[in-house]
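The next block holds one structure in the form of structure tokens; read it before the comments.
The values are calculated or read from the model by the stated rules, or taken from the named source; none is laboratory data. Just so it is clear, the structure is predicted and the values come from calculations on it, not from any experiment. Here Cβ is always computed from backbone atoms with ideal geometry, including for glycine, and neighbour counts include all displayed protein chains. Only protein heavy atoms, including side chains, enter the accessible area calculation; ligands, DNA and RNA are left aside. Shrake-Rupley method; radii C 1.70, N 1.55, O 1.52, S 1.80 Å.
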Amino acid sequence: MNTRLSFLLFGLVFLSNTACAENINTWMVTDNKINVVVTVAFVVLSIMAVWLFRIETRLGKIERQSAQTKS
Amino acid sequence: MSQGSSFVFFRGFAWKALSLILLFYTFYQGFNGTVPEMPILHQTIRNLYFHVTMWMAMLVLLLSNAIYGIRFLSSGNLDLDLKADECAKSGMIFGIAGLVTGMIWANYTWGAPWVNDPQLNGTAASLLIYAAYFVLRNAISESSKRAKLAAVYSIFAFVMMFVFIMVIPKLSDSLHPGKGGNPGFNKYDLDSNMRMVFYPAVIGWTLLGAWFTELRIRIRRIEQKIELNA
Amino acid sequence: MNSGLSRLLSVFAYEFRTEFRNKESISGILVYALASIFITWLCFLQSPGTQAWTGLYWIILLFAATNAAGRSFIRESRGLQLFHYMLFRPGEVILAKSLFNFLLLFALGLLNLCCFTLMFGGKEGTLNELLLLTLLGAFGLSAVLTLVSSIVSKAYGNASLAAVLGFPLLFPVLLILVKSTLALLEGGQSPNWLMLVALDALLLALSYILFPYLWRE
């Protein structure tokens with residue numbers, strides 16, 4: 001699996017699970033924390049999406065080129 | 001090259017977009033939605049969306065590995081072996097993610113990162129089983145032989161993993177009624193609010209795993225082509 | 001059906017003769033098992049308690065079994081395998097080899113059980129159940145290790161690869177055996193025989209189905 005994508009995945013699940021586990025009783029009350037966590041998660045997820053689409057575009061290009069050379 | 005500058009359509013775009021949408025939804029609703037109030041668990045029940053789903057994605061990827069193994073044995077098509085290999089690799093990544101996140105949660109809730117829990121043992125066992133699968137793959141240099149032996153091993157491995165994580169936890173509960181049935185995982189009585197997040201989360205993470213795998217497969221196909229031409 | 005059985009028995013008899021013609025390998029397996037039991041004795045010098053008794057019992061059997069059954073295809077030369085390929089059907093070979101390994105491992109299990117009961121003491125009235133557990137355990141171990149040995153021989157691997165590939169596949173059967181033994185020795189609970197028999201049958205069926213794919217390689 002792509003190393004950078006794996007790191008992003010680990011970052012995401014590490015963040016969300018630590019957020020879930022931390023301050024078991026209180027973190028719903030201090031709701032500012034939730035917004036920070038959700039925002040960071042959205043940012044990481046967006047970076048991941050950009051990465052995925054960049055790989056997709058490059059791969060698509062190479063695949064079409066190799067298909068053309070074959071025909 | 002008139003195509004190069006025009007907008008590129010991705011192969012199978014819909015499910016990839018769905019994966020991202022579901023994940024954004026999971027992160028938003030997972031932290032903001034309401035959850036039932038339960039002792040011990042409290043708000044940590046939310047890790048159902050971020051930890052248990054890793055495990056589900058791992059299972060789907062490893063099941064695909066076994067299915068590609070069966071299909072390889074019946075057809076002998078080496079491309080299926082490549083797919084099986086990459087499915088197992090992604091499955092391992094999700095398995096490690098599931099294990100690490102489980103340890104984070106256990107450390108906060110039970111006070112220790114490694115406890116005697118059937119689920120935890122099951123994940124560790126699956127990781128070891130598939131580590132042995134990769135040892136086998138690395139031990140053979142001849143590609144058609146490697147594919148065949150790996151396919152046979154992967155089918156055996158998947159059945160054993162299934163027995164370990166699905167059948168044995170039930171047996172151990174029946175042996176030790178007091179010790180089994182830990183307070184964590186058995187009490188997820190999924191209420192409708194949680195289901196509305198959990199099922200999309202499972203689908204989203206699984207599709208993400210499939211996406212990672214598909215990209216790796218395509219990259220390796222190109223690598224193979226380059227090797228053939230060189 | 002009858003001819004199938006007699007063919008199976010002839011493959012088994014062949015396997016039996018070749019194994020016993022080679023006296024070093026059988027005595028090697030025996031010394032391996034006895035030496036590991038004696039090392040355990042040196043570690044404790046008394047009864048180690050139920051939990052350790054159970055764990056050591058199965059671990060020693062697992063190691064001895066891997067040593068004994070893990071080599072069953074490896075020791076054959078390439079030429080001999082080709083010869084088998086012409087004479088026998090794959091199903092017969094795997095069943096005969098598994099049967100032979102089963103008897104070998106059961107004999108090892110009996111030795112292990114005798115030594116453990118003599119050195120570390122046993123519990124009154126559990127001997128029959130322990131015997132049956134050893135029998136079923138030997139069956140499961142032989143089914144998995146025979147197939148693994150075949151995979152390893154095709155990969156030109158050695159006995160350590162057999163351990164690497166075999167141990168993870170044996171997690172479920174060993175876990176059930178250990179749990180059953182513990183429940184038997186601690187609380188006198190009768191093991192879940194149906195579960196063990198079903199698992200053994202599953203293991204044998206899997207190796208029977210999968211072996212023909214290795215055979216032609």
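For the options C:LYS123, C:LYS97, C:LYS179, a Gaussian network treatment of chain C with springs between C-alpha atoms closer than 10 Å singles out C:LYS123 as fluctuating the most. Placing +1 on the Cβ of every Lys and Arg and -1 on the Cβ of every Asp and Glu, with nothing else charged, gives chain C a dipole about its Cα centre of roughly 580 debye. Computed over the Cα atoms of the protein assembly as shown, the ratio of the radius of gyration to the Kirkwood radius (Rg/Rh) comes to 1.03. Which residues does the label zone of C:GLU76 cover in the range B:140-170, counting backbone N under 17 Å from a point 7 Å along Cα→Cβ? The answer is B:149. With N as its number of residues, the range C:2-215 has a Cα radius of gyration that, divided by 2.2 N^0.38 Å, comes to 1.04. Rg and Dmax, both from the Cα atoms of the range B:42-219 and both in Å, are 17.5, 53.
To the nearest 10, the accessible area of C:THR18 is 50 Å² with a 1.4 Å probe.
Distance from the Cα centroid of the range B:80-135 to that of the range C:21-62 is 32 Å (rounded to whole angstrom).
Using a Förster distance of 41 Å, how high is the FRET efficiency between B:SER143 and A:LEU15, based on the Cβ-Cβ distance and rounded to 0.05? Efficiency computed from Cβ-Cβ geometry: 0.55. Can you figure out the FRET efficiency of A:LYS33 with B:ARG195, using R₀ = 30 Å and their beta-carbon distance, to the nearest 0.05? With a Förster radius of 30 Å, E is 0.75. So which of B:LYS89/B:LYS148; C:LYS23/C:LYS179; A:LYS33/B:LYS16; B:LYS16/B:LYS83 end up more than 25 Å apart by C-alpha? Result: C:LYS23/C:LYS179; A:LYS33/B:LYS16 exceed 25 Å. Note on C:LEU42 and C:ILE26: the extension gain reaches 3.3 nm, defined as 0.36 nm multiplied by sequence separation minus the Cα-Cα distance. Between C:THR50 and C:ALA201, residue separation times 0.36 nm minus the direct Cα-Cα distance comes to 51.5 nm.
Each chain gives up part of its surface: C and B jointly bury about 2800 Å² of accessible area, both sides summed, for a 1.4 Å probe.
Using the 1.4 Å probe convention, the accessible area of the range B:10-152 works out to 37 Å² per residue with neighbouring protein chains retained. Using a cutoff of 8 angstrom between alpha carbon atoms and counting only pairs six or more residues apart, the relative contact order for the range C:2-215 works out to 28 percent.
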